[in-house]
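The values are calculated or read from the model by the stated rules, or taken from the named source; none is laboratory data. The model shown is predicted, which means the values in this text are computed figures rather than measured ones. For neighbour counting, all protein chains shown are included, and Cβ atoms are generated from backbone atoms with ideal geometry for every residue, glycine included. The area values use the complete protein model at the heavy-atom level, side chains included, leaving out ligands, DNA and RNA. Shrake-Rupley method; radii C 1.70, N 1.55, O 1.52, S 1.80 Å.
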Amino acid sequence: MLQWSVMRVVADPRVGGVTLALAPDDRYGDDLVWDLGCPVDTVPGGDTRAHSVLNALRHARRTANPDWVLVHDAARPCLDRSSLERLLDEGLASVDGAILAEPVSDTLKRAADDPPVIRETVDREELWAAQTPQLFPAKALEAALTAQIDAGAPPTDEAGAMEAAGYHPLLVAGDRTNLKVTWAADLPLAEAILKLQRENAS
């Protein structure tokens, strides 16, 4: 999945390098073979997603000093080229950055107690489900993540850090096929999507 996810991001020529945050005890990352036409570096991951992203971001700023960075989940191997192009086209024109996301279509329930019971129905009118990649000015994202971590409130995604710092990232329409592989049952669905995408590209 990691290789697929990275290959999907570097498919756009505007992406000039990759920094992977891997678990300190990772046994497989060093064995991966990359032939992407751009540098691929690795750094140790941290205790949370925010710590891992910050480690990778600091490394990228030391070595390549990019103006903008994309943050992508290794668990999203089905990113399609048109969504990435849309994110870069629209996000690079937005000073606050941008993320891929989809309007929520399901009815949402807030739960309480154990076992869970419905406490209330949540209005979905203005709700979007965040995806990755997420695109931000590198310096601003580093400052935002550092501030949240130092405050003891590491965010669950980069947009959350930017929001806390007063930014308003753009929502760019993603695609439902850009699923996050979270459960074992997601794997065959991801495989089917990748197969269909390959067939459509040929």
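In region 1-47, the qualifying residues are those that are outside any helix (DSSP H, G or I) and polar (S, T, N, Q), and the one that is surrounded by the fewest Cβ atoms within 10 Å (Cβ to Cβ) is Thr42. When the test is whether a residue is closer than 29 Å to Gly46 by Cβ, assigned to a loop (DSSP other than H, G, I, E, B), touching a residue at least 12 places away in the same chain (Cβ under 8 Å) and charged (D, E, K, R), Lys180 passes it.
Conditions (1) farther than 13 Å from Gly174 by Cα; (2) surrounded by fewer than 13 Cβ atoms within 10 Å (Cβ to Cβ), marked per residue:
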site: Val69; (1), (2): yes, no
site: Asp73; (1), (2): yes, no
site: Ser82; (1), (2): no, yes
site: Glu90; (1), (2): no, no
site: Ile99; (1), (2): no, no
site: Asp106; (1), (2): yes, yes
site: Ile118; (1), (2): yes, yes
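Pairs are defined by a Cβ separation below 6 Å, a sequence spacing of at least 6 or placement on different chains, a first member in region 136-163 that is closer than 20 Å to Asp89 by Cβ, and a second member that is open to solvent by 30 Å² or more (accessible area, probe 1.4 Å) and in a helix (DSSP H, G or I); the pairs so defined are Ala138/Arg61. Among the numbered conditions (1) touching a helix residue (DSSP H, G or I) at 6+ places or on another chain (Cβ under 8 Å); (2) of a type in the set (Val, Ile, Thr); (3) over 29 Å from Leu187 (Cβ atoms), the only one that Val71 does not meet is (3). Filter region 17-73 for residues that are of a type in the set (Phe, Trp, Tyr) and either within 15 Å of Leu2 (Cα to Cα) or without any contact (Cβ under 8 Å) to a residue 60 or more places away in the chain (or both) and give the result. Across region 17-73, the qualifying residues are Tyr28, Trp34. Taken over region 131-165, the criterion of being of a type in the set (Gly, Ala, Ser) and open to solvent by less than 50 Å² (accessible area, probe 1.4 Å) is satisfied by Ala138, Ala140, Ala144, Ala153, Ala159, Gly160, Ala161.
Of the numbered criteria (1) over 19 Å from Ile99 (Cα atoms); (2) surrounded by 13 or more Cβ atoms within 10 Å (Cβ to Cβ); (3) without any contact (Cβ under 8 Å) to a residue 24 or more places away in the chain, the one Leu194 fails is (3).
Each residue in region 78-127 was checked for being within 30 Å of Lys195 (Cα to Cα) and assigned to a strand (DSSP E or B), and 6 of them qualify.
Please verify whether region 49-67 includes one or more residues that are part of a loop (DSSP other than H, G, I, E, B) and either under 22 Å from Val181 (Cα atoms) or within 17 Å of the chain's Cα centre (by Cα) (or both). Please lay out each step first, then the result.
Restricting attention to region 49-67, the residues satisfying the condition of being part of a loop (DSSP other than H, G, I, E, B) are 64-67.
When the remaining residues are screened for being either under 22 Å from Val181 (Cα atoms) or within 17 Å of the chain's Cα centre (by Cα) (or both), the result is none.
No, that holds for no residue.
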